[in-house]
Amino acid sequence: MTDDQQLSMGLPSPQDLTTVGDYQFEPIKGYPMLHWKGKRPFTSTQFYPAQLREVHGEAVEDWRNKIYWGDNLQVMSHLLKEFRGKVDLVYIDPPFDSKADYKKKVQLKGKDIKNDYGGFEEKQYTDIWTNDEYLQFMYERLILIRELISRGGTIFVHCDWRKSHHLRTILDEIFGADNFLSDIVWKRRGGKTSPDASVFESITDSIFWYAKSSNYIYNPQYSKADSDNYIKTKFVYKDEGGRLYRLSPLNAPYPRPTLQYEYKGYKPHPNGWSVSFETMERYDHLGKLYFPENKNQRIQRKQYLDEWEGRAVQSLWTDIAVINSQAEERLDYPTQKPEVLLERIIKAASKPGDVVFDCFMGSGTTQAVSMKLGRRFIGADINLGSVQITTKRMLGIAQELEEKASQTKIKINSENEEELITQYTGFEVHNVNSYDVFRNPIQAKDLLLEALEINPLEKGSLFDGEKDGRLWKIMPINRITTRADLNELIAGFDYKAFQKRHQEHPHKAVEKITLVCMGHDPDLASVLKQEVKPFVLDVEVVDILRDKQEIQFKRDSEAQVSIEGNELIIETFYPMNLLAKLSLQQENVEDWRELVESVMIDWNYDGAILEPKQIDIPDKNELVKGRYSIPDDAGTIRIKITDLLSESLEMEVQHG
């Protein structure tokens, strides 16, 4: 970040900083800035290429929604080239530093498998951090998010009590305290307090709302929740048809008519509304406007209860419940948020056609609501399970929207009875960097530690394991390790211990370290040694791609496909990783469909991008068909079979 950019963001330039110990402090009293051990400036990033893997649906107004599989820092670095300053709304539900692993229950479909163990828990992501790396992680991503947000755009950051105070200060630093809009408190659960609780139990989350500038969108939202007493005391009149209504001054703090009225004899007055004639009646979308018999009274509005939107929503949200076990939208994805929560946020801070971004996509709730509300969206997640769940969810919503439009004889993208909304139902799936070695990067460390016979250390430690007197660190497993990846180590070293060892044995290494990489910069070890001088480190690098190619990280799935007449038949499918987790042999599987989440078929594969026209995604308790009619114009057929672990096998067959 340049000095000019820092100043434009309200941040101090480097020459205005005062160094105290290892930290730099801005000397102006009251300036919000959070400091932590190892805080590193994030001033630049590199462009990461993306690979288009799948296309679903048609483009509308030259736009398809976008889903990215990859580290969101790399995804956003990729997006900067095209979308800098073009994102209108960001909602993120990032890790909370909860010191927990989040798992999803994987349950087999059907009961024909000869095994008593029909399900297991699959780790989706970990929320355990080393020292202050969580703060650095969020700091870097929020800086990139700010670059993507348009001048009139805003961001909602969902968090809880663990790090809310830290995140609020980081947001003040990056967006400016003057651009703080609201601290929304969501009461996410009720019920009785546990009798064993030793403190007041936390039942709320915080959602911080920040703007890029003072020119932001805000559409007031209304709710009828907890309004019974209000209705009884306000809606006390009945018309001749028995409809309840209320009377209120037009300039009272209720929603005002959106239309402008100019009538002969009307005279606006600074203290209210006044008229120079006796009676008059007009209608607008809120109810009946009329003048009482006493012309000295203010103009009043008649508002019917059945047309009342509710009371204006404030910053305490008690009317939105978490997703319960019986909810239709429940996907059994950890930390899934309810659609009504995102609906309120998206309606309040965007308009149809705006670009909505969520780089901690999870189960795809932000994307689902955006599609339903006619917003364009971009989503990203490093977890393949998230990408597969979101893809399935988007396909279902797109189909529902198209069927609804057909049933009402209203074409998608045309004006309906309420308002003109364009439905953006097409979307693309991209990869940023290569994520083919490990399906689930959260499990990668465990796989490597096991394969290399390393003794794992306690989670949250700076190092991942110990073996033969050396400390082992698993570096990023889906890309080449660069010098920048050493920052966590450099900031986290125990320099006091180094100093003591150096004094005792000045010619020996203060630590023996092994770095495990998937490709690396050639000078990686020498850079690390140089950074900790005068201390001596013994550093070795194990490159999996070069030195340990025999390590098997995952077993490929197997399938047999045939063509009989005009039908494509999937005869067998064996997802080897899934079977291994279930301790199953191929011969124990009587119906392969019980292991399958979806089947997608591109009847005319171009050799690069999968464009499925046949999509078989059954409901939870149903199985894929396994037999599909081949269209007459089919050429090269590409089949994608996805199992319950979200692992996919793609294969081709020729037709004709």
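Each reported figure results from applying straightforward, stated rules to the coordinates on display, with no laboratory input. Values in this document were obtained by computation on a predicted structure and should not be read as measured data. No Cβ is skipped: glycine too gets one built from the backbone with ideal geometry, and neighbour counts run over all protein chains shown.
Here the spin labels are modelled as points 7 Å beyond Cα on the Cα-Cβ line, and at V185 and T43 they lie 4.2 nm apart. Relative protection proxy for 466-474, 386-394, from highest mean packing down: 386-394, 466-474 (other beta-carbon atoms within 10 angstrom).
Among S557, S363, what is the fewest-to-most ranking by other Cβ atoms within 10 Å? Intermediate results must be reported in sequence, preceding the final value.
Working: S557 22, S363 25.
Ordered from fewest to most neighbouring Cβ atoms within 10 Å, S557, S363 come out as S557, S363.
Each label was represented as a point 7 Å from its Cα along the Cα-to-Cβ direction; for E622 and V60 these points are 2.4 nm apart.
Please give the FRET efficiency for D633 paired with E590, using the beta carbon to beta carbon distance and R0 = 35 Å, rounded to the nearest 0.05. Could you put the intermediate results ahead of the total?
Details: r = 36 Å, r/R0 = 1.02.
Efficiency for this residue pair is about 0.45.
The distance separating the Cα centre of region 163-212 from that of region 47-67 comes to 34 Å. Compared with the alpha-carbon gap, the fully stretched path from K238 to A321 is longer by 26.5 nm at 0.36 nm per residue. Across region 616-656, Cα-Cα distances exceeding 13 Å account for 65% of all pairs. For the peptides 197-203, 64-70, 522-528, residues were scored by their other Cβ atoms within 10 Å and the scores averaged per peptide; the highest-first order is 64-70, 522-528, 197-203. Here E611 and A451 are evaluated by their C-beta separation; at R0 = 45 Å the FRET efficiency comes out at 0.75. Electrostatic tally near A59: other residues with Cβ closer than 13 Å to its Cβ, Lys and Arg +1, Asp and Glu -1, net -2. With the highest mean first, a sort of the peptides 85-96, 452-463, 533-544 on other beta-carbon atoms found within 10 angstrom per residue produces 85-96, 533-544, 452-463. For the pair Q530 and D494, the difference between a 0.36 nm per residue extended length and the Cα-Cα distance amounts to 11.3 nm.
For each of L448, L579, L80, count neighbouring Cβ atoms within 10 Å of the residue's Cβ, then give the residues from fewest to most.
Neighbour counts put them in this order, fewest first: L80, L579, L448.
Here r is the Cβ-Cβ distance between D538 and S98 and R0 is 41 Å; the resulting FRET efficiency, rounded to 0.05, is 0.70.
From the P(r) of region 558-654, can you give the percent of Cα pairs sitting at distances over 19 Å?
Details: 1867 of 4656 pairs.
I get 40 percent for the Cα pairs in region 558-654 exceeding 19 Å.
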